[in-house]
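Beneath this line is the structure, given in structure tokens, with notes to follow.
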Amino acid sequence: MYFSYKNSALCLVLFFGLFSYSINAQTKSLSNLEAYYYQHTPSEVILPFETQEEYIDRMQWWKDAKYGMFIHWGLYSLLAGEHNGEITPKIAEWIQNTLKIPLSEYKKLMREFDPKNFNADNWVSLAKAAGMKYIVLTSKHHDGFALFDSKVSDYNIMHTAYQKDIVKALKEACKRQGLKFGLYYSHMIDWEHPDAYIGEGKLTERMNTVDYDPKHMDRATYLNEKSFPQLREILSNYGNIDILWFDMGAGLSNDEIRKFVKITRELQPKIIISSRIGDEVAPTILNRAMLFDYFTPSDNYFTGDDLAMPWEMAGTTNSSWGYRKDDHEWRKANLIINSLISTSSRNGNYLLNVGPDATGNIPDEAIKNLLQAGKWLQKNSEAVYNTTGSPFPWNYDWGYVTQKPKTLYLNIFDFPKKNRLELNGLLSKVTSIYTLANGASIDFEQTGRFLEIDLSKTHKDAIATVVVVNFLEERPLISKDISQSKDNTIRLDRITSLYLKDEFQSSWTFKINTPGTYRIQLVSNEKKRHSKPVWEGSLQKGSIRLAGKIIPVQLSRDSEKTNASLFFYKEITSIIDTITLNKKGTYSLQLNGFQIGAGKWTNGLGLDRIELLPIVN
Ligand code: H79
């Protein structure tokens, strides 16, 4: 259930720690909006009420859909990352802000915006063929320019050379072709309106300080004159809108956020609202978490965590959201599927972006990769849509698990050594195993907690091979104790650790059945800005305590590989030491001294796991 949170200090560990904790401690059995009523200080803005059942019901199509298309399109698409010969060093849709282009000049782009090749049905057909179930379009991005017919502000599509409502066209095409339709609306940032005040300090860089003086900005004026009324327009003029993807709301007051929620819910009671309506990470004191329907972690950054809230990872097909002509870092089909399945195996959705050019064409390379991924999804749809995430609290080297009643789907991206795949911890009696794509049955052996699957005769799909495991129970019986694999390795995932934040200490308990000597290595991820990834491993020092020994730890970058779901960010392996565990039994390993911050922007080591690999003589 959505609000029966994992009751453990485990939640505290993760980069979403505070987030989960605040919900965990305060709202256990309350529904989304009930929680708001009971937990918050009185507000002038009274929100519509909803029971927990209604919330679950409202979210169901979205939870089942798994995969959507994000579309970033606007005046910036004309610039394609370059203005007056200057290439923007940052994401393309931020070009006005990054290159400090005066509004008067940027506005001239309206005369040029005339996307001759735009065909809403083609975009929707592409999304469908790609296997996506919903589309989210930028109805207004930070530049303040609206892709819809707005009576509130003339800075919109009807005043361009094109003069046709893009939101309307895409909404109608989605309706015709049976996709859900959502809108992105930049509710706080607006570089056209003189009063769109964001805040002091660092946030100032996100305003339009080229044309307007922050001292004379008055956010209430902007909200009342443009943001609230335009929100009413997009929610009133196009029939059902399924998702409202607010972005960059950090800095809004609690009451301002509630006002956005109120307008949205009153006009579209079934709509689903993104967490970026306010701070990305919900604050612990005023629990704004309950004002949104799903959580959006950092862009393009999947940490492997199974969040308590419904969540969605938004990501790019190349390195920018808006179109840039020099952006050639394409996410290939196998990485698209990897990101999708890794996300769904932890109960998340994946919203993958395309940035059409100014003529209305989606870049060929994006189309090619999306369609290739779509072909895979057609064959393997059963393992993705309407599933729930992995029942195992740990991860695997070979891929990711999804499930339906009486069934596990093993989505295998890297075939294991000797083609013998091992599932450690499944206690349900397995009745049959087969390949999803062709139904070919697969041999297996099950002893105790080990299920060994013989993949030697299994056809390998170039992207991922899905193996279906059937058993009798509705829900699989799982042993959550960490133990050795058949080849004697031990894998201690961050998500199974107990992290004491104040003591900088992670610990795991596991069982050793085969004593021996092991090499200890630690795997962690790069993070921060994707154009300048940072690995914080070498900055920290600590120790590992295991079997009565204290081993000093200074991490070195011993090897690296592309992390398939993190794409821009490498996975770094650091070899630590060897240790002999010469008795059978239960051990505990403590990693001391490290600040763990697995999120993209959080400080500390992006720990993924610790491995103990047997040294075979
Ligand atoms: O709409 C897409 C982006 O434009 C927007 N959200 C996604 C979905 C977004 N991406 N990053 N951010 C917002 C955070 C912005 C961080 C900033 Fe900066 C750092 C703003 C100023 C400095 C990034 C770097 C943008 C301009 C320079």
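The values are calculated or read from the model by the stated rules, or taken from the named source; none is laboratory data. Fair warning: this is a prediction, and the values are worked out from it, not measured in the lab. Backbone-built Cβ (ideal geometry, glycine too); neighbour counts: all protein chains shown. These area figures cover heavy atoms from the full protein model, side chains too; ligands, DNA and RNA do not enter into them. Shrake-Rupley method; radii C 1.70, N 1.55, O 1.52, S 1.80 Å.
Tabulated values for the structure
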read-out	value
Some residue of segment 380-393 being over 22 Å from Tyr294 (Cα atoms), assigned to a loop (DSSP other than H, G, I, E, B), more than 14 Å from the chain's Cα centre (by Cα) and hydrophobic (A, V, I, L, M, F, W, C)	yes
Filter pass, Lys532 being under 30 Å from His328 (Cβ atoms), out of contact with any strand residue (DSSP E or B) (no Cβ under 7 Å at 6 or more places or on another chain) and open to solvent by 80 Å² or more (accessible area, probe 1.4 Å)	yes
Among (1) touching a Gly at 6+ places or on another chain (Cβ under 8 Å); (2) at pLDDT below 95, the one test that Ala129 misses	(2)
So Arg265, is it modelled with pLDDT under 95 and either within 22 Å of Tyr294 (Cα to Cα) or basic (Lys, Arg) (or both)	yes
Within segment 93-188, helices (runs of 4 or more DSSP H) holding 1 or more residues that are among the β-branched types (Val, Ile, Thr) and within 16 Å of the ligand (Cβ to nearest atom)	95-98
Residues of segment 506-550 that turn out to be part of a strand (DSSP E or B) and either under 16 Å from Gly599 (Cβ atoms) or not basic (Lys, Arg) (or both), as a count	22
Pairs where the first residue, in segment 329-349, is farther than 12 Å from Met313 by Cα and among the polar types (S, T, N, Q) and the second is modelled with pLDDT of 95 or more and part of a loop (DSSP other than H, G, I, E, B), C-beta under 7 Å, 6+ apart	Asn334/Ile463; Asn338/Phe413; Ser345/Gly389; Ser345/Ser390
Lone qualifier among Ala462, Ala437 - being touching a His at 6+ places or on another chain (Cβ under 8 Å) and open to solvent by 50 Å² or more (accessible area, probe 1.4 Å)	Ala437
Enumeration of residues in segment 403-434 that are touching a Leu at 6+ places or on another chain (Cβ under 8 Å), modelled with pLDDT of 95 or more and in a loop (DSSP other than H, G, I, E, B)	Lys406, Phe415, Leu427, Ser428, Lys429
Looking only at segment 210-223, and only at residues there that are exposed (fewer than 15 other Cβ atoms within 10 Å of the Cβ) and in a loop (DSSP other than H, G, I, E, B), the one that is farthest from the ligand (Cβ to nearest atom)	Asp218
Residue check, Ala289 modelled with pLDDT under 90, more than 16 Å from the chain's Cα centre (by Cα) and part of a loop (DSSP other than H, G, I, E, B)	no
Qualifying residue in segment 198-206 (condition: of a type in the set (D, E, K, R) and away from the ligand (no atom under 16 Å from the Cβ))	no
Every residue from segment 233-267 that is of a type outside the set (A, V, I, L, M), closer than 21 Å to Ile46 by Cβ and touching a helix residue (DSSP H, G or I) at 6+ places or on another chain (Cβ under 8 Å)	Ser236, Phe246, Gly249, Asn254, Glu256, Arg258, Lys259, Phe260, Thr264
The one condition in (1) open to solvent by 30 Å² or more (accessible area, probe 1.4 Å); (2) over 18 Å from Leu498 (Cβ atoms) that Gln595 fails to fulfil	(2)
Tally, over segment 248-280, of residues that are more than 14 Å from the ligand (Cβ to nearest atom) and either surrounded by fewer than 23 Cβ atoms within 10 Å (Cβ to Cβ) or over 20 Å from the mean Cα position of the chain (by Cα) (or both)	21
Failed criterion for Gly199 (all others in (1) at pLDDT below 95; (2) open to solvent by 20 Å² or more (accessible area, probe 1.4 Å) hold)	(2)
Residue check, Lys368 more than 19 Å from Ile336 (Cβ to Cβ) and without any contact (Cβ under 8 Å) to a residue 40 or more places away in the chain	no
Set Asp326, Asp306: member being open to solvent by 20 Å² or more (accessible area, probe 1.4 Å), within 14 Å of the chain's Cα centre (by Cα) and not β-branched (Val, Ile, Thr)	Asp306
Residues of segment 101-151 that turn out to be in contact (Cβ under 8 Å) with a residue 12 or more places away in the chain, within 30 Å of Asp195 (Cα to Cα), of a type in the set (D, E, K, R) and open to solvent by 10 Å² or more (accessible area, probe 1.4 Å), as a count	6
Residue in segment 422-431 that is closer than 30 Å to Ala129 by Cβ, hydrophobic (A, V, I, L, M, F, W, C) and either under 30 Å from the mean Cα position of the chain (by Cα) or assigned by TED's automatic domain parsing to the domain that holds Trp508 (or both) present	no
Residue within segment 579-588 that is open to solvent by less than 20 Å² (accessible area, probe 1.4 Å) and hydroxyl-bearing (Ser, Thr, Tyr) present	no
Tally of residues being part of a helix (DSSP H, G or I) and either closer than 15 Å to Cys174 by Cβ or among the basic types (Lys, Arg) (or both) across segment 224-248	3
Residue within segment 496-516 that is within 16 Å of the ligand (Cβ to nearest atom) and either out of contact with any strand residue (DSSP E or B) (no Cβ under 7 Å at 6 or more places or on another chain) or of a type in the set (A, V, I, L, M) (or both) present	no
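Results for (1) at pLDDT below 95; (2) buried (at least 21 other Cβ atoms within 10 Å of the Cβ); (3) touching a Ser or Thr at 6+ places or on another chain (Cβ under 7 Å), shown as yes or no for each residue.
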residue	(1), (2), (3)
Asn208	no, yes, no
Glu225	no, no, no
Gln230	no, yes, yes
Phe246	no, yes, yes
